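Asks: Sending over a structure as structure tokens; questions will come in a sec.
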Amino acid sequence: MTTDDWVSAAQSALRAGTRSRSFTAENPTAAVGNGGRTSSVLGPGRKGRPCITLPAGETVTLANAAGAGEIRHIWCTVTNHTGAVGFVLRDLILRMYWDGSDTPAVEVPLGDFFCNGNGQRSLVTSALIVVAPTSGMNAYFQMPFSDGARITIENQHPVDVDGFFYQIDYLEHERAEVVGDLRFHAEFRRENPTAHAQDYTLLDGVIGRGVFLGSSLTIVALERYWWGEGEMKFFLDGDTDFPTICGTGTEDYYGGAWAFQDRLSNEFEPEVLTYSAPYVGYPTYVTRDESKQAVYATAMAPVHGMYRWHVPDPIFFHSDLRVTLQQIGQVGPDLVERADDVSSVAYWYQDTPSGSGRPLPARPQRTPR
């Protein structure tokens, strides 16, 4: 968007009576003139409640907006470990509900939603997700609603999680018709391990009209050699055995090439190159476990994390959508079927406020191994 486009949109919003609001720990209802009022040792209105505690086993409401509006920015941060066994970024579950629906349109572990899969932190610098030092997690998805919005976070970690900081910025509209009928959705999936010769499914069961926005993918390589020859496939509007859109390989789909490796510097031990760009990225490559779960930092199966946003190249569907990824690798010149630990988040817009109701994998099925 150019500056002229931004100013034009701002002028239109002002004429329509749009107002800016924000949910925070200090102003949990986003009430007018109620920000930063709590007291600290410095006195009233001096940063008295910048964060909250997430009690173990409980769900906390972060935002509850009435009427029509549009969430434009979410920022939060939290530790990625405690003294308890577990991975905080996989144990905190983010849910979003639109227009009074009881079925969440978004149900994703917190870290995975922000392209930090496998319970690990990574820096991400993209157009829609930014994870800045140290674990400042930002989302810039536009999330419209016509009749209320609710955002919650559930703590499935074994103990309380202290120091959860957050800010949710949204626009409050006077008229519901300005937001249209498409609603933001996101869904987490994991298979550990995947099945040989069976494609991994990122998304299926989507019936209706909408646009696929993108995905984040985490692969823990459980087998030797190169893992990323699988093609991303988009089955659109009645496609059955074969998709309308099919890529050329996993690293290719996420914007890279040649196994993300620089073979010119060392043919036998090529350097793996990570990157993070506005619409594509491979920000995560980890081969040593340095989490608090390990007594010593130790070698582990390589973890690969990727994302892609279909902003300049949207994928529209008019009746149904299914997205899959082949589990294919390469040994020497030969293609081979593989079985790895694969997890993903699919992001899309659809003409319904409700999610599919597909059960979120339980904590034991989400826990990194």
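The values are calculated or read from the model by the stated rules, or taken from the named source; none is laboratory data. A quick note: this is a predicted structure, and the numbers were derived from the prediction, not measured. So basically every Cβ, Gly included, is an ideal-geometry build from the backbone, and we count neighbours across all protein chains shown.
Asks: Return the total of residues in segment 295-323 being in contact (Cβ under 8 Å) with a residue 40 or more places away in the chain, over 19 Å from Phe113 (Cβ atoms) and either among the charged types (D, E, K, R) or not in a strand (DSSP E or B) (or both).
Replies: First, pick out the residues of segment 295-323 that are in contact (Cβ under 8 Å) with a residue 40 or more places away in the chain: 301-311, 314-323.
In the following step, the residues that additionally are over 19 Å from Phe113 (Cβ atoms) were identified as 301-302, 314-322.
Right, trim to either among the charged types (D, E, K, R) or not in a strand (DSSP E or B) (or both) and you get 314, 318-320, 322.
Matching residues across segment 295-323 total 5.
Asks: For segment 327-349, check the following and say yes or no: at least one residue is touching a His at 6+ places or on another chain (Cβ under 9 Å) and surrounded by fewer than 19 Cβ atoms within 10 Å (Cβ to Cβ). If you could, list the steps in order and put the result at the bottom.
Replies: Taking segment 327-349 and keeping what is touching a His at 6+ places or on another chain (Cβ under 9 Å), we get 327, 337-339, 346-349.
Checking which are surrounded by fewer than 19 Cβ atoms within 10 Å (Cβ to Cβ) leaves us with 337, 339.
Checked segment 327-349: at least one residue is touching a His at 6+ places or on another chain (Cβ under 9 Å) and surrounded by fewer than 19 Cβ atoms within 10 Å (Cβ to Cβ).
Asks: Within segment 255-282, which residues are more than 16 Å from Leu213 (Cα to Cα), small (Gly, Ala, Ser) and crowded, with 16+ Cβ neighbours inside 10 Å?
Replies: Gly256, Ala259, Ser276, listed by residue number.
Asks: Another question, if that's okay. From the list Arg72, Arg37, Arg95, exactly one residue is out of contact with any Asp or Glu (no Cβ under 6 Å at 6 or more places or on another chain), surrounded by fewer than 22 Cβ atoms within 10 Å (Cβ to Cβ) and of a type in the set (D, E, K, R). Which is it? Explain how you work it out, then say what you get.
Replies: Values: Arg72 fails: out of contact with any Asp or Glu (no Cβ under 6 Å at 6 or more places or on another chain); Arg95 fails: out of contact with any Asp or Glu (no Cβ under 6 Å at 6 or more places or on another chain).
Residue meeting the stated conditions: Arg37.
Asks: Being assigned to a loop (DSSP other than H, G, I, E, B) and surrounded by 23 or more Cβ atoms within 10 Å (Cβ to Cβ) is the filter here, so list the residues in segment 101-117 that pass it.
Replies: Of segment 101-117, the ones assigned to a loop (DSSP other than H, G, I, E, B) are 101-105, 114-117.
Scanning segment 101-117 gives Pro104, Ala105, Phe114, Cys115, Asn116, Gly117.
Asks: Shifting gears a bit: Any residue in segment 119-129 that is at positive phi and in contact with a Pro (Cβ under 8 Å, 6 or more places away or on another chain)?
Replies: Step one: filter segment 119-129 for residues at positive phi, giving 119.
Pick out the ones that are also in contact with a Pro (Cβ under 8 Å, 6 or more places away or on another chain) and you get 119.
Yes, segment 119-129 contains at least one residue that is at positive phi and in contact with a Pro (Cβ under 8 Å, 6 or more places away or on another chain).
Asks: Would you confirm whether or not segment 238-254 contains a residue that is buried (at least 18 other Cβ atoms within 10 Å of the Cβ), more than 24 Å from Ser276 (Cβ to Cβ) and either touching a residue at least 12 places away in the same chain (Cβ under 8 Å) or out of contact with any Pro (no Cβ under 9 Å at 6 or more places or on another chain) (or both)?
Replies: No: zero hits.
Asks: Here's another thing I want to ask about it. Exactly one condition in (1) farther than 30 Å from Val85 by Cβ; (2) modelled with pLDDT of 95 or more is false for Ser356; which is it?
Replies: Result: Ser356 fails condition (2) only.
Asks: Then there is this: Do you know which residues across segment 318-342 are hydrophobic (A, V, I, L, M, F, W, C) and within 21 Å of the chain's Cα centre (by Cα)?
Replies: If we filter segment 318-342 for residues that are hydrophobic (A, V, I, L, M, F, W, C), which is where we start, we get 321, 323, 325, 328, 331, 335-336, 339, 342.
Those that are hydrophobic (A, V, I, L, M, F, W, C) and within 21 Å of the chain's Cα centre (by Cα): Leu321, Val323, Leu325, Val342.
Asks: Can you tell me which residue is nearest to His73 (Cα to Cα) among those in segment 102-131 that are more than 9 Å from the chain's Cα centre (by Cα) and acidic (Asp, Glu)?
Replies: Glu107
Asks: Quick check on my filter: what residues within segment 149-180 are assigned to a loop (DSSP other than H, G, I, E, B) and farther than 13 Å from Glu70 by Cα? Outline the logic, then answer.
Replies: Kept after step one, since they are assigned to a loop (DSSP other than H, G, I, E, B), are these residues of segment 149-180: 156-160, 174-175, 180.
Selection gives Gln156, His157, Pro158, Val159, Asp160.
Asks: Sticking with this one: Just need a number here: residues in segment 311-326 that are touching a strand residue (DSSP E or B) at 6+ places or on another chain (Cβ under 6 Å) and under 28 Å from Ala277 (Cβ atoms).
Replies: First, pick out the residues of segment 311-326 that are touching a strand residue (DSSP E or B) at 6+ places or on another chain (Cβ under 6 Å): 314-317, 320-325.
From the residues that got through so far, the ones that are under 28 Å from Ala277 (Cβ atoms) too are 314-317, 321-325.
Going through segment 311-326 one residue at a time, the tally reaches 9.
Asks: Further, regarding this structure: Going residue by residue through segment 46-68, is there one that turns out to be surrounded by 13 or more Cβ atoms within 10 Å (Cβ to Cβ) and in contact with a helix residue (DSSP H, G or I) (Cβ under 6 Å, 6 or more places away or on another chain)?
Replies: Checking segment 46-68: at least one residue is surrounded by 13 or more Cβ atoms within 10 Å (Cβ to Cβ) and in contact with a helix residue (DSSP H, G or I) (Cβ under 6 Å, 6 or more places away or on another chain).
Asks: State all residues of segment 129-146 that are in a loop (DSSP other than H, G, I, E, B) and without any contact (Cβ under 8 Å) to a residue 12 or more places away in the chain; if no residue qualifies, say none.
Replies: Initial filter on segment 129-146 (in a loop (DSSP other than H, G, I, E, B)): 133-135, 140-142, 146.
Result: Pro133, single match.
Asks: Test Ser126 against the stated conditions and say whether it is among the hydroxyl-bearing types (Ser, Thr, Tyr), in contact (Cβ under 8 Å) with a residue 12 or more places away in the chain and farther than 17 Å from Pro359 by Cβ.
Replies: Details: among the hydroxyl-bearing types (Ser, Thr, Tyr): yes; in contact (Cβ under 8 Å) with a residue 12 or more places away in the chain: yes; farther than 17 Å from Pro359 by Cβ: yes.
Spelling it out, Ser126 is indeed among the hydroxyl-bearing types (Ser, Thr, Tyr), in contact (Cβ under 8 Å) with a residue 12 or more places away in the chain and farther than 17 Å from Pro359 by Cβ.
Asks: Would you mention how many residues in segment 132-160 are buried (at least 18 other Cβ atoms within 10 Å of the Cβ) and either on the phi > 0 side of the Ramachandran plot or in contact with a helix residue (DSSP H, G or I) (Cβ under 8 Å, 6 or more places away or on another chain) (or both)?
Replies: Counting residues in segment 132-160 that are buried (at least 18 other Cβ atoms within 10 Å of the Cβ) and either on the phi > 0 side of the Ramachandran plot or in contact with a helix residue (DSSP H, G or I) (Cβ under 8 Å, 6 or more places away or on another chain) (or both) gives 10.
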